[in-house]
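Visitor: Pasting a structure below so you can have a look.
Just so you know, all these numbers are worked out from the coordinates, no wet-lab data involved. Since the model is a prediction, treat every value here as computed from it, not as a measurement. Ideal geometry is used to build each Cβ from the backbone, glycine not excepted, and the neighbour counts take in all protein chains shown.
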Amino acid sequence: MKKYIIKKGDKYWPSNEIKKIAWIKDNKIYKQADKNPVKFWDKLAKEGLIWEKSWKKTYIEKLPYFWWFKGGKLNFCINALDRHLKDKGDKTALIWVPEPTSEKTVKLTYNELSKKVNKFANVLEKLGVKKGDVVAIYLPMIPEVLIAILACTRIGAIHSVVFSAFSADALKTRLQDGKAKILISADGYYRRGEKEYLDKKVNKAIIGTKVRKVIIVNRLSKNKKYSRKFISFEKEIEKADSYYKPRMMNSEDPLFILYTSGTTGKPKGVVHDIGGYATYAYWTTKWNFNLHNDDVMWCTADVGWITGHTYAFYGPLLNGGTTVIYEGTPDYPNYNRWWNIIDKNKITVFYTAPTAIRMFMKAGEKFLKKHKLNTLRIIGTVGEPIDKDTWEWYFKKVGKSRCPIIDTWWQTETGGSLINSLPGVGPFIPTISGYSFPGTKHIVVNEKGKKVKDGKIGSLVQLSPFAPGMLHGIYKNPKKYKDTYFKRFRNKYDTSDGAYIKNKLIRITGRTDDVIKVAGHRLSTAELENAINKYSNINESAVVSIPDKIKGEVPVSFVVLKSGNSTLSLEKQLKKHIDKTIGPIARPSKIYFVKELPKTRSGKIMRRILKNILNKEKPEGLMTLVNPDSVKEIEKII
Ligand code: PRX
């Protein structure tokens with residue numbers, strides 16, 4: 001078995017074996033890119049993608065907006081599919097592993113996938129979908145979700161994928177914001193051996209929206225009867241023509257919207273453009289995972305999140321690679337499942353979240369011992385900080401002390417990874433993400449926006465020219481876009497993450513705002529509070545997070561009732577209410593019923609004090625409270 005890394009002190013470095021096959025073998029690339037990042041990206045955009053028409057000016061900046069490759073024309077689907085058909089038509093593009101072990105793995109070649117995408121583009125056009133329309137997609141991890149998103153890109157429609165575990169209410173909000181007329185969904189899917197129905201949630205969600213047709217995939221039960229608003233994915237695709245001429249689009253036209261949580265109660269529709277995003281997805285996939293023609297990549301993220309968009313689907317396909325997706329949970333029918341999938345499908349690049357690794361750590365090494373895992377070459381992590389113990393376990397038990405861990409730091413807003421070590425360059429150090437990706441620049445600043453000294457913690461910001469994968473606004477909300485990312489630190493993109501930099505290596509310390517990461521999923525405490533406050537007899541509430549051994553952090557809520565006393569059943573009902581309004585991932589691990597919340601004179605709830613109490617720390621800032629007695633009351637019940 002090839003040795004890909006060597007240990008020197010407390011760092012790991014790429015061995016000669018990996019350097020031999022690495023696209024990037026040394027750190028010269030950083031200096032080259034730094035000299036002129038715009039020229040660097042200009043060359044990469046031309047080299048990585050097929051363009052119908054080139055651009056005159058590579059980068060235009062008029063903050064808070066900036067444009068890459070403006071004037072350039074291309075179609076995303078040509079880049080993800082058509083250009084591979086000549087040489088790689090029979091190569092497997094997608095491997096789909098259904099959850100039930102009684103069902104067979106499905107493989108689709110580039111030719112097969114392309115045929116389905118063309119047909120489905122015709123289905124959408126027949127339903128009146130045009131360039132620039134928003135199409136909503138509420139599908140689980142099944143091949144149809146890839147067919148649907150690619151068909152949108154072929155037409156030039158903007159897809160808006162909603163995580164299938166989200167509630168009907170969460171889907172409705174997103175349908176209303178995007179004013180989608182078409183929704184693509186499924187009757188349901190399998191999860192932990194059970195049937196999860198989506199159609200019931202769809203029926204509820206579309207009331208009061210502009211949705212005129214729902215295209216429904218038949219995953220669970222044959223011949224289910226639906227209202228006339230519903231049409232069958234399978235029947236429509238069967239009838240459709242097998243070629244759809246791809247529409248030429250402007251580089252700066254939107255490719256998709258993806259909603260994410262911020263500091264307010266309302267999710268933001270992050271918009272990504274075609275040319276910049278495609279360029280960034282292509283190169284970060286190729287270099288971060290050292291993707292070659294014979295690689296098989298498995299990114300375990302759901303398509304409902306940005307990681308699923310970029311590294312489960314778009315990045316691998318733009319590179320003509322083979323990507324694996326799995327419908328179900330890691331522990332079904334037991335903790336052997338993921339390792340089985342790796343061995344059976346000869347996966348070489350494996351990319352997952354620290355939460356999943358911690359779950360396997362807890363389950364025990366015995367599940368890994370039965371598996372070879374000898375095809376793995378590179379392993380990656382994303383979504384939350386990875387602690388040293390988890391890093392080392394992942395490195396030794398999964399990567400067999402052979403595969404470098406690529407710890408990628410990025411966000412829904414950034415489209416692709418911005419900070420990580422490259423496989424052929426290194427170094428690989430537990431808890432350190434690495435350098436800024438070539439052609440991008442980050443610094444750490446204090447509250448005044450001034451750069452801090454090496455090693456000092458502060459706010460992580462990105463400097464101009466901003467990376468090509470960066471968002472192009474919040475859907476129909478320019479003010480929110482400006483205020484969120486470009487207000488606090490002039491001319492710098494505010495990541496809302498804390499970090500420190502030492503010798504250009506970046507360590508992320510976590511969010512500095514009210515966003516929490518539960519099992520790597522991004523949630524806003526305000527969104528949770530809004531949902532709780534809507535329940536009957538709730539006066540007000542405050543949500544904070546506490547550390548959790550598996551999920552990283554989990555929400556805890558403090559609730560003040562309008563009248564009467566709390567009961568155990570009320571706690572249960574409230575948890576159910578959260579499941580219904582947001583989704584089970586947002587369910588608080590504990591609800592405390594209190595008489596009063598600690599508040600400042602201006603009425604601001606002091607969440608930090610609640611956090612102090614939960615962590616058994618001395619509460620900070622008691623002097624500013626108008627009701628200091630509330631703290632004693634709360635301390636008594638915890
Ligand atoms: O706090 C950072 C954390 O996840 C946030 C972004 O969340 P989301 O938009 O859902 O995208 C997640 C997947 C790209 C960041 O602001 N985060 C992401 N990756 C890392 C991380 N924190 C530490 N280390 C990482 N590798």
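Visitor: With the radius of gyration and the Kirkwood radius both derived from the Cα set of segment 512-637, what is their ratio Rg to Rh?
Guide: Across segment 512-637, the Cα-based Rg/Rh ratio is 0.94.
Visitor: Show which lysines lie in cross-link reach of K599 when reach means a straight Cα distance below 26 angstrom and same-chain residues fewer than eight apart are skipped.
Guide: Output for K599: K266, K517, K534, K562, K575, K590, K611, K616, K618, K632, K636.
Visitor: If you don't mind, there's one more thing I want to ask. Order of 55-64, 225-234 by packing, highest average Cβ count within 10 Å first?
Guide: In decreasing order of mean packing, 55-64, 225-234 become 55-64, 225-234.
Visitor: When N is the residue count of the chain, what does its C-alpha Rg come to as a fraction of 2.2 N^0.38 Å?
Guide: Rg over 2.2 N^0.38 Å, computed on Cα atoms: 0.95.
Visitor: Mind giving me the FRET efficiency for R212 and K239? R0 is 22 Å, r the Cβ-Cβ distance, nearest 0.05 is fine.
Guide: E between R212 and K239, to the nearest 0.05, is 0.70.
Visitor: Further question: Considering amide H positions built from the backbone, and no H for Pro or chain starts, which residues 5 or more places from I158, or on another chain, come under 5 Å of its amide H?
Guide: G132, D133, V134, V135
Visitor: Sort S54, S433 so that the residue with the fewest other Cβ atoms within 10 Å of its own Cβ comes first and the one with the most comes last.
Guide: S54, S433
Visitor: Packing-wise, with mean Cβ within 10 Å as the measure, how do 523-530, 372-379 rank, highest first?
Guide: Going from most to least packed, we get 523-530, 372-379.
Visitor: Would you mind ranking R358, R490 so that the residue whose beta carbon has the fewest other beta carbons within 10 Å leads the list?
Guide: R490, R358
Visitor: Please report the relative contact order for the chain, taking Cα pairs under 8 Å with a sequence separation of at least 6, and give it as a percent rounded to a whole number.
Guide: 13 percent
Visitor: Name the residues whose placed amide hydrogens come within less than 5 Å of the amide hydrogen of A186, ignoring near sequence neighbours (fewer than 5 apart) on the same chain.
Guide: Residues meeting the criterion, in which the H sits 1.01 Å from N, are V217.
Visitor: Roughly speaking, what is the stretch gain from E620 to R490, that is 0.36 nm per residue apart minus the C-alpha to C-alpha distance, in nm to one decimal?
Guide: 43.8 nm
Visitor: Label R228 and K451 with points 7 Å out from Cα along Cα→Cβ: what is the distance between them in nm?
Guide: 6.7 nm
Visitor: OK, next. Using per-residue counts of other Cβ atoms within 10 Å, averaged over each peptide, order 630-636, 179-185 from highest down.
Guide: 179-185, 630-636
Visitor: A further question on this structure: Per DSSP helix of 4 or more residues, -39500 (n - 2.57); summed, then divided by the residues of the chain. What does that give at 222 nm, rounded to the nearest 500?
Guide: That calculation yields -8000 deg cm²/dmol at 222 nm.
Visitor: K43 versus D579, label points 7 Å from Cα toward the beta carbon: distance in nm?
Guide: According to this spin-label approximation, the distance is 5.6 nm.
Visitor: May I pose another question? For the cross-link pairs K362/K397; K3/K397; K2/K372; K43/K73; K204/K572; K210/K479, which exceed 20 Å when the distance is taken from alpha carbon to alpha carbon?
Guide: Those over the limit are K204/K572; K210/K479.
Visitor: Using label points projected 7 Å from each Cα along Cα→Cβ, tell me how many nm separate K400 and S566, to one decimal.
Guide: That separation, rounded to one decimal, is 5.1 nm.
Visitor: Fewest first, what order do E540, E617 take by the number of other Cβ atoms within 10 Å?
Guide: Taking fewest neighbouring Cβ atoms as first place, the list is E617, E540.
Visitor: From the cross-link list K172/K346; K119/K179; K8/K551; K20/K88, which pairs have alpha carbons spaced over 28 Å apart?
Guide: K172/K346; K8/K551
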